[in-house]
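The structure appears below as structure tokens.
The values are calculated or read from the model by the stated rules, or taken from the named source; none is laboratory data. Only a predicted model underlies this, so the values are computations on that prediction, with no experimental measurement involved. Every residue, glycine as well, gets a Cβ built from its backbone with ideal geometry; the counts of neighbours run over all protein chains shown. Note: areas computed on protein heavy atoms with side chains; ligands, DNA, RNA excluded. Shrake-Rupley method; radii C 1.70, N 1.55, O 1.52, S 1.80 Å.
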Amino acid sequence: THRLNEVPPEEERVLVKEILDTIEGLSGTRPVGWLGSGLQETWNTLDYLLENGIRYVSDWVNDEQPYMMDVGGKSLVSVPYSYDLNDVPVLWKARKPGPEFERMIRDACDVMLADAQNGSGRVMCLALHPFVIGQPSVIGVLDRALEYILSHDEVWAATGSEICEAYLAQRTDDAAG
């Protein structure tokens, strides 16, 4: 395996293209979003992603709202990713009990729904890894948390691509209005 932040720039360019080509070849759909392994990037990664048709990245864990990134005069959307509501640091590394992770998810949902009352949406990303959350001792935590989240009519369960497109459409609507 290769870490993007450990390969020379030209090798990184080839690697990014190969990864996206492989996903497209296996799934039949070319990705438009990117979440790098370990959230790793170099000074060149965003340029290489744009060269390959990527419209959004989720490697930045600094906001609950999408935002535009200017990459050498080209635009890329940052779609939020969460390190706080992430099963690896919470359940695996910090060894928090499953019910504590469920409480964290519910509390975050409540706060984000309250924050969104001003008309500005929030992205509540649950970063999940099958080898952690898929264990029999904690899978029920995910089931209960999702049931709670989706019990709220205001919640939109969306993919990264859907979030990106909605954000871009809203920006276009705001600019036209």
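Which members of the stretch 91-120 meet the condition of being open to solvent by 80 Å² or more (accessible area, probe 1.4 Å) and among the polar types (S, T, N, Q)?
Answer for the stretch 91-120, where residues must be open to solvent by 80 Å² or more (accessible area, probe 1.4 Å) and among the polar types (S, T, N, Q): 117, 118.
Does the stretch 124-134 hold any residues that are out of contact with any helix residue (DSSP H, G or I) (no Cβ under 6 Å at 6 or more places or on another chain) and either part of a helix (DSSP H, G or I) or surrounded by 14 or more Cβ atoms within 10 Å (Cβ to Cβ) (or both), and which are they?
125, 126, 127, 130, 131 - these are the residues of the stretch 124-134 that are out of contact with any helix residue (DSSP H, G or I) (no Cβ under 6 Å at 6 or more places or on another chain) and either part of a helix (DSSP H, G or I) or surrounded by 14 or more Cβ atoms within 10 Å (Cβ to Cβ) (or both).
Which of (1) surrounded by fewer than 19 Cβ atoms within 10 Å (Cβ to Cβ); (2) among the β-branched types (Val, Ile, Thr); (3) touching a residue at least 12 places away in the same chain (Cβ under 8 Å) does residue 54 not meet, given it meets every other one?
Going through the list (1) surrounded by fewer than 19 Cβ atoms within 10 Å (Cβ to Cβ); (2) among the β-branched types (Val, Ile, Thr); (3) touching a residue at least 12 places away in the same chain (Cβ under 8 Å), residue 54 breaks only (1).
The rows are residues; the columns are (1) in a helix (DSSP H, G or I); (2) open to solvent by 80 Å² or more (accessible area, probe 1.4 Å); (3) in contact (Cβ under 8 Å) with a residue 60 or more places away in the chain.
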{"site": "122", "(1), (2), (3)": "no, no, no"}
{"site": "140", "(1), (2), (3)": "yes, no, no"}
{"site": "168", "(1), (2), (3)": "yes, no, yes"}
{"site": "172", "(1), (2), (3)": "yes, yes, no"}
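Go over the candidates 15, 35 one by one and state the one that is farther than 29 Å from residue 171 by Cβ and of a type in the set (A, V, I, L, M, F, W, C).
Just one listed residue meets the conditions, 15.
Check residue 154 against each of (1) surrounded by 11 or more Cβ atoms within 10 Å (Cβ to Cβ); (2) in contact (Cβ under 8 Å) with a residue 24 or more places away in the chain; (3) in a loop (DSSP other than H, G, I, E, B) and name the one condition it does not meet.
In the conditions (1) surrounded by 11 or more Cβ atoms within 10 Å (Cβ to Cβ); (2) in contact (Cβ under 8 Å) with a residue 24 or more places away in the chain; (3) in a loop (DSSP other than H, G, I, E, B), residue 154 misses (1) alone.
Does at least one position in the stretch 19-36 carry a residue that is aliphatic (A, V, I, L, M), touching an Asp or Glu at 6+ places or on another chain (Cβ under 8 Å) and surrounded by 14 or more Cβ atoms within 10 Å (Cβ to Cβ)?
Yes, some residue in the stretch 19-36 is aliphatic (A, V, I, L, M), touching an Asp or Glu at 6+ places or on another chain (Cβ under 8 Å) and surrounded by 14 or more Cβ atoms within 10 Å (Cβ to Cβ).
In the stretch 93-147, which residues are basic (Lys, Arg) and more than 19 Å from the chain's Cα centre (by Cα)?
Answer for the stretch 93-147, where residues must be basic (Lys, Arg) and more than 19 Å from the chain's Cα centre (by Cα): 93, 95, 96, 103, 144.
Assuming residue 44 fulfils every condition listed in (1) more than 19 Å from the chain's Cα centre (by Cα); (2) closer than 21 Å to residue 16 by Cα; (3) surrounded by 18 or more Cβ atoms within 10 Å (Cβ to Cβ) apart from one, which condition is it?
Failing condition for residue 44: (3).
Kindly indicate the residue of the stretch 61-90 that is touching a Pro at 6+ places or on another chain (Cβ under 8 Å) and open to solvent by 20 Å² or more (accessible area, probe 1.4 Å) and also nearest to residue 138 (Cα to Cα) among those meeting that condition.
Among those that are touching a Pro at 6+ places or on another chain (Cβ under 8 Å) and open to solvent by 20 Å² or more (accessible area, probe 1.4 Å), it is 83.
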